[in-house]
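*Asks:* Structure incoming, see below.
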């Protein structure tokens, strides 16, 4: 791209857009837009990219209902977005606010509401305005206050499940300093909202921001790219949501890569929102490398060796426990046909039709109890299509795993 072709003073940010987005697609792009300086610069960048490639841009503004000025800020954000030619959607976090852990709860709610709004608007990519300053601040926070905090990535799957399935977060401004963005906005004649909470002394983020202003300059790292592609290729999924891992590949891989890959497989099979703890993964990996016949449970999954493979299936559960279904997703594992009652097969196999029973008998025994079945009006179970003759489902494990391990690197891969 030549200088005349650029639509901002930040070629690195524009390069990220062209590397991760497919200009030939027509799907809208979602932008998380608070009206602050970082998100305003992001929206301006996205709007110009969208106009150039005839792609709608949708600004999503979330009112957390925490600050008494939030309604006024939301109105200002709406005006800014419309002035830049973007569509606008207003979101509200109306749930009761926790007495402790408010920041973490607000972050989780924000990601959920943004992911749902993006999916409902037909967007597969959600742009967020994290900057180089956010990377620097995160580095300081990990060292001083919150060592478990993860650094924002240029491209990553939505961190919430199942609301964020199929939605990827793109952060094109991670190489740009916050001050440079504000200088650009000033030259463009644009003003932004300043939230005083960003400078509250009780905030770890604010303390890190002050340290940067005083000259602290850690070495930031923005993780990017496939995490462990060679080992990831040794993991296979079928339409039941069962995972198979080549044990030889698992034993030969570096321990950190093997542990991360195994954790992603367990997460994807279990349907849970969070992966298992790293220390337990390390112990399980050591067992898988030393025990010829392994049977174990971890993170909502059951693992068993089967010849040269390690099989991973959902952990058996008490049938008396209510099944979870959210957003037409059964147990975080299957997208389901709406308006149908879904339960696990466990204890109901004898009630299946002969055709469905034969299909189940051809499957590994480990996966059978956790299979979803639809209950008809008489309460009889039906194995869903494409596994059987009932209403349709779609297993989510393979796509979730590919997203988690970096096999989906851009909008081109999503297409």
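The values are calculated or read from the model by the stated rules, or taken from the named source; none is laboratory data. It should be emphasised that the depicted structure is a prediction, and the values quoted were computed from it without experimental measurement. Using ideal geometry, Cβ is built from the backbone for each residue, glycine included, and neighbour counts are taken over all protein chains shown.
*Asks:* On the basis of being surrounded by 14 or more Cβ atoms within 10 Å (Cβ to Cβ) and at pLDDT below 95, does residue 223 make the cut?
*Replies:* Numbers: surrounded by 14 or more Cβ atoms within 10 Å (Cβ to Cβ): no; at pLDDT below 95: yes.
Taking the combined requirement at face value, the residue does not satisfy it.
*Asks:* With respect to residue 51, determine if the residue is modelled with pLDDT of 95 or more and more than 25 Å from the chain's Cα centre (by Cα).
*Replies:* It is true that residue 51 is modelled with pLDDT of 95 or more and more than 25 Å from the chain's Cα centre (by Cα).
*Asks:* Among the residues of region 331-341 satisfying the criterion of being at pLDDT below 95 and either on the phi < 0 side of the Ramachandran plot or touching a helix residue (DSSP H, G or I) at 6+ places or on another chain (Cβ under 6 Å) (or both), which is surrounded by the most Cβ atoms within 10 Å (Cβ to Cβ)?
*Replies:* 340
*Asks:* Return yes when residue 251 is surrounded by fewer than 20 Cβ atoms within 10 Å (Cβ to Cβ), touching a residue at least 40 places away in the same chain (Cβ under 8 Å) and within 19 Å of residue 307 (Cβ to Cβ) and no when it is not.
*Replies:* Numbers: surrounded by fewer than 20 Cβ atoms within 10 Å (Cβ to Cβ): yes; touching a residue at least 40 places away in the same chain (Cβ under 8 Å): no; within 19 Å of residue 307 (Cβ to Cβ): yes.
Against the criterion (surrounded by fewer than 20 Cβ atoms within 10 Å (Cβ to Cβ), touching a residue at least 40 places away in the same chain (Cβ under 8 Å) and within 19 Å of residue 307 (Cβ to Cβ)), residue 251 does not qualify.
*Asks:* I'd like to check something: does region 53-67 contain any residue that is under 24 Å from residue 177 (Cβ atoms) and in a helix (DSSP H, G or I)?
*Replies:* Checked against the condition, which is being under 24 Å from residue 177 (Cβ atoms) and in a helix (DSSP H, G or I), region 53-67 yields no hits at all.
*Asks:* Across region 254-279, what is the total count of residues that are surrounded by fewer than 16 Cβ atoms within 10 Å (Cβ to Cβ) and part of a helix (DSSP H, G or I)?
*Replies:* Of the residues in that region, 4 qualify.
*Asks:* Here is a further query. Please verify whether region 405-413 includes one or more residues that are outside the structural domain of residue 127 (by TED's automatic domain parsing), touching a strand residue (DSSP E or B) at 6+ places or on another chain (Cβ under 9 Å) and over 30 Å from residue 20 (Cα atoms).
*Replies:* Within region 405-413, none of the residues are outside the structural domain of residue 127 (by TED's automatic domain parsing), touching a strand residue (DSSP E or B) at 6+ places or on another chain (Cβ under 9 Å) and over 30 Å from residue 20 (Cα atoms).
*Asks:* Consider residue 112 against the criteria (1) modelled with pLDDT under 95; (2) within 30 Å of residue 331 (Cα to Cα): it satisfies all of them except one. Which criterion is unmet?
*Replies:* So residue 112 meets the others, but not (1).
*Asks:* Return the residues of region 342-376 that are over 20 Å from residue 312 (Cα atoms) and in contact with a helix residue (DSSP H, G or I) (Cβ under 7 Å, 6 or more places away or on another chain); say none if nothing qualifies.
*Replies:* 349, 352, 357
*Asks:* Could you grab me the full set of residues in region 291-320 that are out of contact with any helix residue (DSSP H, G or I) (no Cβ under 8 Å at 6 or more places or on another chain) and under 18 Å from residue 237 (Cβ atoms)?
*Replies:* If the condition is that a residue be out of contact with any helix residue (DSSP H, G or I) (no Cβ under 8 Å at 6 or more places or on another chain) and under 18 Å from residue 237 (Cβ atoms), then 302, 304, 306, 307, 311 are the ones that fit.
*Asks:* Can we say residue 65 is without any contact (Cβ under 8 Å) to a residue 60 or more places away in the chain, in contact with a strand residue (DSSP E or B) (Cβ under 6 Å, 6 or more places away or on another chain) and either surrounded by 18 or more Cβ atoms within 10 Å (Cβ to Cβ) or within 26 Å of residue 108 (Cβ to Cβ) (or both)?
*Replies:* Judged against the criteria, residue 65 is not a match.
*Asks:* Identify the residue in region 165-181 that is part of a helix (DSSP H, G or I) and under 16 Å from residue 128 (Cα atoms) and, among all such residues, is modelled with the highest pLDDT.
*Replies:* Applying the first criterion (part of a helix (DSSP H, G or I)) to region 165-181 yields 178-181.
Of the ones still in play, those that are also under 16 Å from residue 128 (Cα atoms) are 178, 181.
Numbers: 178: 95, 181: 98.
Across region 165-181, the extreme among qualifying residues is 181.
*Asks:* With respect to the numbered conditions (1) surrounded by fewer than 18 Cβ atoms within 10 Å (Cβ to Cβ); (2) assigned to a helix (DSSP H, G or I), which one is the sole condition not fulfilled by residue 46?
*Replies:* (1)
*Asks:* If you take the residues in region 344-384 that are more than 18 Å from residue 394 (Cβ to Cβ) and within 29 Å of the chain's Cα centre (by Cα), which one is surrounded by the fewest Cβ atoms within 10 Å (Cβ to Cβ)?
*Replies:* So the residue we want is 368.
*Asks:* Applying the selection to region 294-305, what residues are without any contact (Cβ under 8 Å) to a residue 60 or more places away in the chain and in a strand (DSSP E or B)?
*Replies:* Listed by number, the residues that qualify are 295, 296, 297, 298, 301, 303, 305.
*Asks:* Identify all residues within region 233-248 that are in contact with a helix residue (DSSP H, G or I) (Cβ under 6 Å, 6 or more places away or on another chain) and not in a loop (DSSP other than H, G, I, E, B); write none if there are none.
*Replies:* To start, the set of residues in region 233-248 that are in contact with a helix residue (DSSP H, G or I) (Cβ under 6 Å, 6 or more places away or on another chain) comprises 234-235, 237, 241, 243.
If the condition is that a residue be in contact with a helix residue (DSSP H, G or I) (Cβ under 6 Å, 6 or more places away or on another chain) and not in a loop (DSSP other than H, G, I, E, B), then 235, 237, 243 are the ones that fit.
Condition check ((1) closer than 22 Å to residue 174 by Cβ; (2) assigned to a loop (DSSP other than H, G, I, E, B); (3) not assigned by TED's automatic domain parsing to the domain that holds residue 190) across all residues:
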site: 26; (1), (2), (3): no, yes, no
site: 35; (1), (2), (3): yes, yes, no
site: 50; (1), (2), (3): yes, no, no
site: 79; (1), (2), (3): no, no, no
site: 88; (1), (2), (3): no, no, no
